[in-house]
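Quick note: the coordinates plus some simple rules give every number you see, no bench work behind them. The structure presented is a predicted model; accordingly, all values stated were derived computationally and were not measured. Every residue, glycine as well, gets a Cβ built from its backbone with ideal geometry; the counts of neighbours run over all protein chains shown.
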Amino acid sequence: MNPDPKENRAWFTKKLFRGWRLAVVPHVPATILCIFILVALFAPQLSPYSPTEAHFLDKLMPPAWVEGGSSEYILGTDFMGRDVLSRLIHGSRVSMTVGMLVIVVAGSLGTVIGVISGYFGGWIDILLMRFTDITLSIPAILMAIILVALFGASYFNIILVIVLLLWPRYARQIRGDVLNVKEQEFVALADVAGCSHIRIMWQHILPNVLPTILVLATLQVGWVIILESSLSFLGVGIPPPQPAWGVMVAEARGLVSSAWWIALFPGLAILFNVLSLNILGDWLRDRLDPKLRSI
Amino acid sequence: MGNTVEKQNPPKSVIQVRGLKKYFPVQKGLFSKVRAWVKAVDDVSFEINRGETFGLVGESGCGKTTITKCILLMEKPTAGTVFFDGHDITSLKGDDFVHYRRSIQVVFQDPTSALNPRMRVEDIVREPIIAHERMPRRVTRGRVIQVLEEVGLSPSSAQLFPHEFSGGQRQRIAIARALAPSPACIVFDEPVSALDVSIRAQILNLLCDLQKKENLTFLVIAHDLAVIKHVSTRIGVMYLGKLVEIADSEDLYARPLHPYTQALLSAALPSHPDQKRDEIILSGEVPSPLNPPSGCRFHPRCPYAKVKCSRIEPVLRDAGPGHKVACESTG
Amino acid sequence: MTVNNEMLINVKDLRTYLYTRRGVVKAVDGVSFYLRKGETLGIVGESGCGKSITALSLLRLVPEPAGRIVGGQILFKGRDLLQMSHKEMRRIRGAELSMILQDPLTSLNPAYSIGNQIGEAIRLHQKNVTKKTLVEKIIEALKMVRIPAAESRLGDYPHQMSGGMRQRVTGAIALSCQPSLLIADEPTTSLDVTIQAQYLRLLKDLQRETGVSLIFITHDFGIVAAMCDRVQVMYAGKIVESAKTRDIFDRPRHPYARALMGCLPKIEKRLESLTTIEGQPPQLIDLPGGCSFAPRCPEAEQVCFEKYPEEAKVNEEHRVNCWHG
């Protein structure tokens, strides 16, 4: 039992890290994400070659630091002689665009439905939630494949498909949160004061559900990117010649043992992107949750 | 809150409750028929006169909160009526309805959940004013500052958020919000039970001061007998959905007539270790409002119960000036 | 109550600190008190004064890693609890030293029947009990807290019982192994007035029957008046006054104790307005030197802000920490 406060503080910090609350450090994932976003924005300026430009004479060249590689193609080339780095950079555009758009559209749709469902309850809630359940019970990939097969593969259709898959997840989560907020007395008081439903939903419910929306957004972008990559991998994603990371991995399937770099780098890109988003999302959730905010 | 209460004729009373009943249906499953009713409020009648504080006291499940919800139109009565200034509140429309919403305000028990954490104090306080009519902030600012000062908060509080205040201060904000539309009547549902002891005193003093200054009418619900006695001019005692006794504040504590009131008073904790108390310890638990006892609802636990008590439901009868009791045995 | 002069628990200069992101909270800062066998002690204060953490410290249940007992001694039946190993402490907790908490709803596990939960408490401390004896002991425990038709309620779940009944069950669990000391932390705050009266009467009867000593943690002087032999008033982690109950009601010496008692509305006497205490309870981080009540004290002088008052002895059992006491 040590009355010395400095010693106790050290003991306390040690115990804290044993709990492995990585949530304390958001700087690393945030930086990684910023890099990805900047790369996506300035893709044409940053990439050394066009992603579709084929240099048949230089095909299947390994990365620069491996024997046989050259500094002309830093990350090597694929089986058509296209620069891996350039394709990687442009591929980030696809992932980022799809990710952002899907989140904004699905998020808005899911929020509106979740708020209406949770606030009004009754048969509106039952109806909307049954619909949500039905959509959620179908496996995402299967649904995506069927829809793409029906409507054809294009940028727009992929986004549409993923939005259709994503909004129920949002709606469900938001509805749960709305139910909690609805129990708070200030909602009842607004009702008693005579506020209209719209006003209550906009002024009272929505701002208090905002943290959930933000956290979901961060956590779901990762899911979207993986889904898009999976679809691309399966050949029902963004159609060629647009370089998507999933497509790059798919194309390199047969060459994994001999030309490992073609699949590795896009794979790593997906990994770091999604991991950063998840860590950031966890941190955000911990920060915004008032119960966890202080001991 | 003076000690003298003038007898008011019914039209002079602010709120009149007549034969109020509120039953909640109990359903097993989504589609099955209603199996039973929870008789939360069962034929309750009383009046609240202008300028007085009416206290409603009783233990959990007695229905006092449900009555206030009916008065505030948060619940629709199953039967009976509530009159406000002579008008039936359930049939108010248009301007009359808006006027009612402005005229009666409420302060709840928990000051933390009563304030939207994402709104500034100014917006919280002015909400009852602008609920029916949009007004820019500069128009309502004067009133907001006025009521904030009345409850003992500085004008600079208006720009802050609820979490920057202590529990007692948050309750003051809630009271300021209730005062903002210049209501005729304010309902307080356990206004101090969530607060620390020393803060309770501040808020209770504030309530007394406000009433004197603004000549407001209060309806106060509480389970703490001392609190109710301190703030009320008249008190109604409830048990299992029924009003069992009404009397002036001093009279109720000096001459409790209903056995339940007597038990309630004797159960209150002493204010000195040497204080002599006749402890009437009631046997058993409060029965479920799903299946209230026949006749007088209190008879299974009543020390004076007679055979007729299980058969006849007692009615509120006069038992002295301003004093009514519902008891076949002693009343 | 017959009071044995034998000392049951003697707490000396207990210090429990909480380490938060904003700094060190000295939740319990040099608290000393004692309890004799068969006595009932009340620890009174408002929220944040440290009374609940004191109770948790006695049982060494202070939440880690945020909280930590950093100093002092807790001599229970002659042995210092703070020097014991976790294993020894676990043997004492529940068997000799027990606690009831405020909210019976969260004290009981909603997934298990009450019979199961009482049984678990018994089995923890009496290893070699047969199934049949266990059931008998559970019924005995339920009967002890006057639960009617005890035999038929073994399989009941907490949600099937009323608040008062649930609080009795927590009492049964706490008393199932006949502890010598029972700490009750605001046990009746969530109960109705008449149920509270029943429960307090029950505790008094149990004390008479089993000779258990009680410590009541409360903010309600009414409970003190009804139940306690002696009382301590806490403020900002320290004890500011301790005395026999009668003495503190008749002659409270510390301005805080006096103000606290004047705050309460009384049923018998009609007060025009209640005494209030200016300001807010203090933040326990970075408390200034001197008496922690000084900023709110109507009688504060220069010395009060500079030095923490030494303990003044009013009489054998009555102590005050105030420059004016």
Chain C - mean residue ellipticity at 222 nm from DSSP helices (-39,500 (n - 2.57) per run, n ≥ 4, rounded to 500): -9000 deg cm²/dmol
Whole-number percent relative contact order across the range C:132-219, with pairs defined as alpha carbons under 8 Å at least 6 apart: 31
Overall form of the range B:81-202 per C-alpha gyration tensor (a/c, 1.5; a/b vs b/c): oblate
Burial ordering of C:Ser98, C:Ser85, A:Ser108, B:Ser329, fewest other beta-carbon atoms within 10 Å first: C:Ser85, A:Ser108, B:Ser329, C:Ser98
Pair B:Ser310, C:Glu136: separation of 7 Å Cα→Cβ label points (nm): 3.7
For a label point 7 Å along the Cα-to-beta-carbon line of B:Ser283, residues of the range B:294-331 with backbone N under 14 Å: B:299-306
Chain B - percent relative contact order, Cα under 8 Å, separation 6 or more: 20
Rounded if a/c under 1.5, otherwise prolate or oblate - the protein assembly as shown, Cα gyration tensor axes: prolate
Virtual spin-label span in nm between B:Gln159 and B:Ser182, 7 Å along Cα→Cβ: 2.8
Förster radius 51 Å - calculated FRET efficiency between A:Ser154 and C:Thr189 (Cβ-Cβ, nearest 0.05): 0.20
Average other protein chain Cβ within 10 Å of Cβ, residues B:191-200: 6
Separation of the B:Gln27 and A:Leu268 label points, Cα + 7 Å toward Cβ, nm: 6.0
Candidates B:Ser294, B:Ser45, B:Ser182, ranked by Gaussian network fluctuation over chain B, Cα under 10 Å, top entry: B:Ser294
Most positive-pole-ward Cα, A:Leu164, A:Ala193, A:Ser47, against dipole of chain A from beta carbon charges: A:Ala193
Cβ neighbours within 10 Å from other chains - mean over C:274-284: 4
Estimated FRET transfer efficiency when R0 is 22 angstrom, pair A:Ile124-A:Ser196 (beta carbons, to 0.05): 0.85
Mean separation of Cα contacts under 8 Å (6+ apart) over length of chain C, as relative contact order %: 20
Within chain A, helix-based [θ] at 222 nm, where runs of 4 or more DSSP H residues each add -39,500 (n - 2.57), nearest 500: -23000 deg cm²/dmol
Amide H partners (placed H, <5 Å) of B:Gly236, local residues excluded: B:Gly55, B:Leu56, B:Val57
Listed residues C:Gln302, C:Gln126, C:Gln83, most fluctuating in chain C (Gaussian network, C-alpha, under 10 Å): C:Gln302
Efficiency of FRET between C:Tyr34 and A:Met143 - r from beta-carbon atoms, R0 60 angstrom, step 0.05: 0.25
The protein assembly as shown: antiparallel DSSP beta bridges as a percent of all, rounded to 5: 65
Prolate/oblate/rounded call for chain A, Cα gyration tensor, a/c under 1.5 rounded: oblate
Max mean-square fluctuation residue, GNM over chain A, Cα-Cα springs under 10 Å, options A:Ile134, A:Ile124, A:Ile37: A:Ile134
